[in-house]
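Provided herewith is a single structure, encoded as structure tokens, for subsequent inquiry.
The values are calculated or read from the model by the stated rules, or taken from the named source; none is laboratory data. Just so you know, these numbers come straight off a predicted model, no measurement behind them. Reconstructed Cβ throughout: ideal geometry from the backbone, glycine too, with neighbour counts over all protein chains shown. Ligands, DNA and RNA are stripped out before the accessible areas are found, and what is left, the full protein with its side chains, is counted by its heavy atoms. Shrake-Rupley method; radii C 1.70, N 1.55, O 1.52, S 1.80 Å.
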Amino acid sequence: MGPSELQIFNANKVLLSYGPGELIFKENLAPTGLFVVFTGKVKIFKSTPDGKEKIVRLGQEGALLGYRSFLSEELYSATATAIDEVVLCYLPKQALISLISHNPDIAFRLMKVLAKDLREAEHSNANAFQRSARERLADALLRLQQIFGVEAPQQKIKVRLSREEIASLAGLSRETATRVLSEFNKEGFVRIFGKEIAIVDSAKLHRIARSEFPPNV
């Protein structure tokens, strides 16, 4: 952004703080602006008819939230909540429109982000219908590794998710996800530390998942 765009941005941005589990925006409500994750981790999910969550995306620092509904002028198609302590930078709708009018390249960048997310959504849908439970869970763990990274020396993924959340991300029942995760632990691909999971052998997980994500070796 140039000096004039930065001036508009700085004059209108609002920093918002959320605790673990707090609602950021809700499915079927109208967007009023754009959110950017400043610190922390978030999950975006759809509600199923039986009241469960289907996680569609996870994000951390730098992730854009709510931009698809903003661009299409539609209601939010999903709900966003904080996974841990989160600070968001919020830009109201009119300020974002003003930024785009000053610099149309911003709209192009948003479209590139949208295209990337659509590609990942297509990958996730293919994962749900064409793969076994082991392949789906291995893919989900590799995605978590790709998004959040790992901490040395134990190679723990830098996010703490419940078994229900991991199952949702993989498109599995909680019972199946727990069983397969236990199998991976016994086979030495991962190590489980409560809600923390360490990737011991990402190359083997990659072979199981046949994932597009490159293994960390």
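Could you check the stretch 128-217 for helices (runs of 4 or more DSSP H) lying wholly inside it with 2 or more residues that are more than 16 Å from Leu58 (Cβ to Cβ) and touching a helix residue (DSSP H, G or I) at 6+ places or on another chain (Cβ under 7 Å)? Quick ask: steps written out before the conclusion?
Numbers: elements: 133-148, 163-170, 174-187, 202-209.
In the stretch 128-217, the matching helices (runs of 4 or more DSSP H) lie at 133-148, 174-187, 202-209.
Something else: Give the stretch 12-21 a look and list any residue that's part of a loop (DSSP other than H, G, I, E, B) and surrounded by fewer than 13 Cβ atoms within 10 Å (Cβ to Cβ), or say none.
As a first pass, look at the stretch 12-21 and keep what is part of a loop (DSSP other than H, G, I, E, B): 13, 19-21.
Residues satisfying the conditions are Gly19, Gly21.
Identify all residues within the stretch 67-90 that are loosely packed, with under 15 Cβ neighbours inside 10 Å, hydroxyl-bearing (Ser, Thr, Tyr) and part of a loop (DSSP other than H, G, I, E, B); write none if there are none.
Ser77
If you don't mind, another one. So Ala95 ticks every box in (1) closer than 30 Å to Lys158 by Cβ; (2) at pLDDT 80 or above; (3) touching a Lys or Arg at 6+ places or on another chain (Cβ under 9 Å); (4) open to solvent by less than 30 Å² (accessible area, probe 1.4 Å) but one. Which box is left unticked?
All conditions are met except number (1).
Still on this model: Could you list, in sequence order, all residues of the stretch 34-52 that are surrounded by fewer than 19 Cβ atoms within 10 Å (Cβ to Cβ) and not hydroxyl-bearing (Ser, Thr, Tyr)?
Here is the first cut: in the stretch 34-52, the ones surrounded by fewer than 19 Cβ atoms within 10 Å (Cβ to Cβ) are 36, 38-39, 46-52.
Those that are surrounded by fewer than 19 Cβ atoms within 10 Å (Cβ to Cβ) and not hydroxyl-bearing (Ser, Thr, Tyr): Val36, Phe38, Lys46, Pro49, Asp50, Gly51, Lys52.
Right, here's the next one. Examine the stretch 206-215 for a residue that is open to solvent by 10 Å² or more (accessible area, probe 1.4 Å), among the charged types (D, E, K, R), modelled with pLDDT under 90 and under 16 Å from Phe148 (Cα atoms), and state whether such a residue exists.
No: zero hits.
While we're on this one: When both residues are 6+ apart or on different chains and their Cβ atoms are under 7 Å apart, which pairs have a first residue that lies in the stretch 136-151 and is modelled with pLDDT of 90 or more, and a second that is of a type in the set (Ser, Thr, Tyr)?
Qualifying pairs under 7 Å: Asp139/Ser211; Leu142/Ser202; Leu142/Ser211; Gln145/Ser202.
How about the stretch 152-177: which of its residues are modelled with pLDDT under 90 and closer than 17 Å to Phe189 by Cβ?
Gln154 - this is the single residue of the stretch 152-177 that is modelled with pLDDT under 90 and closer than 17 Å to Phe189 by Cβ.
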